[in-house]
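Engineer: Structure in structure tokens, see below.
The values are calculated or read from the model by the stated rules, or taken from the named source; none is laboratory data. Remember, it's a predicted structure, so these values are computed and weren't measured experimentally. Please note: Cβ atoms are built from the backbone with ideal geometry, for glycine as well, and neighbour counts cover all protein chains shown. For the accessible areas, the whole protein counts, side chains as well, though only heavy atoms, and no ligand, DNA or RNA atoms are used. Shrake-Rupley method; radii C 1.70, N 1.55, O 1.52, S 1.80 Å.
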Amino acid sequence: MVQGRSLLAPNERLLPTYRLRADDQLRVMRAACSSTDAFINADRLAAATGLTAKNCGLVPAFLFTTGLVEKAGGHFSRYRPTSRGRRVAAAWQHGEAEGLLALREAWKGQWFARSMKERLESGPVARNGLLARLLTAAGAEGHRMRQAEALLDVLVAIGMIFPDGDGLRRRGISVAGGCAVRRGVGVWPWRGGEWWVGRGCGGGVGAVERAGWFVFSS
């Protein structure tokens, strides 16, 4: 085990910060991908989002590992959006649902998306089970639990996985108008696939820690 929370063990994957709620992380992600400046850094992201520079500066490293931003040169803290990141930003310009769909598409090949899809293939899974799977897939130990929770909350926030409040498992949900919100949980456009729904608290983005069961949006 590597001593110190800021250090990664060999082959350990980077997880997002736990110091920002999922909705605030998405604000920073959108600002980072939408930037037309020569570079972005903590101060510029703070100016764009109204969040603190200290917390904004914790987000780009994860975006870098997922291919949404790249190093801009000149200083280790400077980044700029990649072509993939700019595509996500362009989709966000058309609306929140479109932006989240583009983010899901951009991340569908990432290790955490593959891990969650595999874990949820046989049906709904409790939150603790998904957290354990994320830690294992990241090659991380228990002291990264809060970061694993942050990642799970982000995946819920973008509609890649989601809890449901009615205790039923459903198939083929058609969402009128392309988007709906059920008991505070965002349900984003159904793309002709299948959504298997499990039991949860039905809490919003800031309350997903209370949810019990999760499913994968395919």
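Engineer: Out of all the residues in the stretch 22-37, is one or more in a loop (DSSP other than H, G, I, E, B), open to solvent by 20 Å² or more (accessible area, probe 1.4 Å) and at positive phi?
Structural biologist: Taking every residue of the stretch 22-37 in turn, none turns out to be in a loop (DSSP other than H, G, I, E, B), open to solvent by 20 Å² or more (accessible area, probe 1.4 Å) and at positive phi.
Engineer: Something else about it: Is it true that some residue in the stretch 81-99 is at pLDDT 95 or above and on the phi > 0 side of the Ramachandran plot?
Structural biologist: Yes, the stretch 81-99 has at least one match.
Engineer: OK, next. Would you point out which residue out of 51, 45, 58, 101 is part of a loop (DSSP other than H, G, I, E, B) and farther than 19 Å from residue 12 by Cα? Give the derivation first.
Structural biologist: On the way: 45 fails: part of a loop (DSSP other than H, G, I, E, B); 58 fails: farther than 19 Å from residue 12 by Cα; 101 fails: part of a loop (DSSP other than H, G, I, E, B).
Selected residue: 51, the only one of 51, 45, 58, 101 that is part of a loop (DSSP other than H, G, I, E, B) and farther than 19 Å from residue 12 by Cα.
Engineer: Please find, within the stretch 1-40, the residue that is modelled with the lowest pLDDT out of those that are over 19 Å from the mean Cα position of the chain (by Cα) and under 18 Å from residue 56 (Cβ atoms).
Structural biologist: Only one residue fits best here, namely 6.
Engineer: Provide a single number: the residues in the stretch 50-62 that are over 10 Å from residue 28 (Cα atoms) and without any contact (Cβ under 8 Å) to a residue 40 or more places away in the chain.
Structural biologist: Residues flagged as over 10 Å from residue 28 (Cα atoms) and without any contact (Cβ under 8 Å) to a residue 40 or more places away in the chain within the stretch 50-62 amount to 3.
Engineer: Right, next: Here are some residues: 19, 114, 13. Which one is under 25 Å from residue 129 (Cα atoms), free of Cβ contacts under 8 Å to residues at least 40 places away in the same chain and part of a loop (DSSP other than H, G, I, E, B)?
Structural biologist: So the residue among 19, 114, 13 that is under 25 Å from residue 129 (Cα atoms), free of Cβ contacts under 8 Å to residues at least 40 places away in the same chain and part of a loop (DSSP other than H, G, I, E, B) is 19.
Engineer: Within the stretch 45-56, can you find the residues that are of a type outside the set (Val, Ile, Thr) and surrounded by fewer than 18 Cβ atoms within 10 Å (Cβ to Cβ)? Reasoning before the result, please.
Structural biologist: Within the stretch 45-56, the subset of a type outside the set (Val, Ile, Thr) is 45-48, 50-51, 53-56.
Listed by number, the residues that qualify are 47, 50, 53, 54.
Engineer: With the condition kept exactly as written, say whether any residue in the stretch 161-176 is under 23 Å from residue 29 (Cα atoms), modelled with pLDDT of 95 or more, crowded, with 21+ Cβ neighbours inside 10 Å and in contact with a helix residue (DSSP H, G or I) (Cβ under 6 Å, 6 or more places away or on another chain).
Structural biologist: No, the stretch 161-176 has no match at all.
Engineer: I need a count of the residues in the stretch 116-141 that are under 15 Å from residue 16 (Cα atoms) and of a type in the set (A, V, I, L, M).
Structural biologist: 6
Engineer: Is it the case that some residue within the stretch 62-80 is modelled with pLDDT of 95 or more, of a type in the set (Lys, Arg), surrounded by 15 or more Cβ atoms within 10 Å (Cβ to Cβ) and assigned to a loop (DSSP other than H, G, I, E, B)?
Structural biologist: The answer is yes, given that some residue of the stretch 62-80 is modelled with pLDDT of 95 or more, of a type in the set (Lys, Arg), surrounded by 15 or more Cβ atoms within 10 Å (Cβ to Cβ) and assigned to a loop (DSSP other than H, G, I, E, B).
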